[in-house]
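A short write-up of the structure that comes next.
Readers should treat all values here as calculations from the given coordinates under stated rules, not as data from a laboratory. This is a predicted model, so every value here is computed, not measured. In this analysis, Cβ positions are derived from the backbone assuming ideal geometry, glycine residues included, and neighbour counts consider all displayed protein chains.
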Amino acid sequence: MKTGFIGLGRMGSAMAANLVKAGHDVTVYNRNPEKSRSLLELGAHQATSIAGACSGEAVITMLADDTAVSDIALTDGGIVGKLRQGAIHISMSTISVGLSKELALAHAKAGQRFVAAPVFGRPDAAAAAKLFIVNAGDPVAVAACQPLFAAMGQKTFSMGAEPAAANLVKLTGNFMLASAIEALGEAIALVGKAGVDRQAFVDLLASSIFPAPAYANYGGAIAGNKFQPAGFAAPLGFKDIRLVLAAAESLRTPMPLASLLRDRFLRLLAQGGNELDWAAIGGLATQDASGGTLPRSRPVP
């Protein structure tokens, strides 16, 4: 499938590489062209503009936030202005419900199609093509995207015909992950202060009552105070919690735990945690228990 790919961070680069390896005709664009070098060596093509990435059947965006996606898609010279009629914009970024609705409307007015397909998984899962892809949009458009999804992920989940539904599901899932991180942090701080081995406690949880990767991975990071390098940086976690709260407000749905998480992220960032993984909010409970400052993270070996 002839596809453009815009956004070559750690996630996007890995996803684009898997598309090339699967035999798709991929043209990549990034504002920093140096990030495309390894993809060109695999067989991708280099676009020098947004328009150059919009000449195929689809264009994928994998960008950091609403501002980046809006700048790429909705401004003069952006995707909406350059994508041919009938082609598909696949937004795989974690963005707000409001922007997703705006993109769907803009593409429909231009005679284009829009599919929201945010993902669950960190850079290592992206590299291994093991992402979980949540999609929503016109069923015919979603079906056309399936060969691309199959190259990037291990399973896809459809959330209906309205693209914004996929974005809401993604934000809600990230809220639940952040909630687990906070709960792990508080529990680990409690048992650790009592002298219990923190990692042994995590091993118990992850192999018994909470046998899920999130408990093993995030619990291990918190127990070992290992928050660098960041697989998902704290500012992005803060962004997602703010977006889920905005969605909750628009739907008149109280989310008191999300409000607490917003304040935990704000505290972490106020203390200089911008470069840490979002799991570092789990380290705040240990700080509270010890009366000290946020422990400096030890790099992961």
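What is the antiparallel percent of DSSP beta bridges lying wholly in the chain, to the nearest 5? Display every interim value, and only then the final one.
Working: 4 of 29 bridges.
Just about 15 percent of them are antiparallel.
A full extension of the chain between Ile209 and Lys2 corresponds to an added length of 70.0 nm, given 0.36 nm per residue minus the alpha carbon distance.
Here the 3J(HN,Hα) profile of segment 221-228, calculated from phi with Karplus coefficients 6.51, -1.76 and 1.60 at θ = phi - 60°, is 5, 5, 4, x, 6, 10, 10, 9 Hz, Gly and Pro shown as x.
How much length is gained on full extension from Thr75 to Thr172, taking 0.36 nm per residue of separation minus their Cα-Cα distance?
Values: separation 97, 0.36 × 97 = 34.92 nm, distance 2.84 nm.
Roughly 32.1 nm would be gained on extension.
Simple spin-label estimate for Val140 and Ser290 gives 6.0 nm between the two label positions (7 Å along the Cα-to-Cβ direction from each Cα).
So, R0 is 51 Å and r is the distance between the beta-carbons of Leu266 and Ser55; what FRET efficiency does that work out to, to 0.05?
About 0.75, to the nearest 0.05.
Cβ-Cβ distance of Leu40 and Lys130, R₀ of 30 Å, FRET efficiency by 1/(1 + (r/R0)^6): the value works out to about 0.75. Summary value for segment 2-161: 20 percent relative contact order, contacts being C-alpha pairs under 8 angstrom separated by 6+ residues. Counting other Cβ atoms within 10 Å as a rough exposure proxy, the listed residues Glu41, Glu275, Glu102 run Glu41, Glu275, Glu102 from fewest neighbours to most.
With axes computed from alpha carbons, what is the tilt in degrees of helix 139-152 against the longest principal axis of the chain, rounded to the nearest 10 within 0 to 90? So the inclination is approximately 60 degrees.
Per-residue ellipticity at 222 nm from helix content only, as computed over the chain with -39500 (n - 2.57) for each DSSP H run of at least four residues, stands at -16000 deg cm²/dmol. For the chain, the longest principal axis of the Cα atoms and the long axis of helix 198-207 meet at an angle of about 50 degrees.
Considering only alpha-carbon pairs that sit under 8 angstrom and 6 or more positions apart, the relative contact order computed for segment 168-290 is 38 percent.
Please give the contour-minus-distance gain from Ser158 to Asp25: 0.36 nm per residue of separation, less the Cα-Cα distance, rounded to one decimal in nm.
On the way: separation 133, 0.36 × 133 = 47.88 nm, distance 2.51 nm.
Difference between extended and current length: 45.4 nm.
Grab the alpha carbons of segment 1-121, take their convex hull, and tell me the volume per residue in Å³.
Residue-normalised Cα hull volume stands at 88 Å³.
Where the alpha-carbon atoms of segment 168-290 are placed on the principal axes, they occupy 44, 32, 24 Å, in descending order.
Once the Cβ-Cβ distance between Glu275 and Lys193 is put in as r, and R0 is 41 Å, what FRET efficiency do you end up with, to the nearest 0.05?
0.95
Taking label positions 7 Å along the Cα-Cβ direction at both Ser179 and Gln85, the computed distance is 4.6 nm, reported to one decimal.
Each principal axis of the Cα cloud of the chain was evaluated for its coordinate range; sorted largest first, these ranges are 63, 46, 35 Å. To test your reading of the geometry: what angle, between 0 and 90 degrees and rounded to tens, separates the Cα axis of helix 10-21 from the longest principal axis of the chain? In the chain, helix 10-21 runs at an angle near 50 degrees to the longest axis.
For segment 176-218, relative contact order (Cα pairs under 8 Å, six or more residues apart, normalised by length) works out to 39 percent. Distance from the alpha carbon centroid of segment 191-266 to that of segment 52-116 works out to 31 angstrom.
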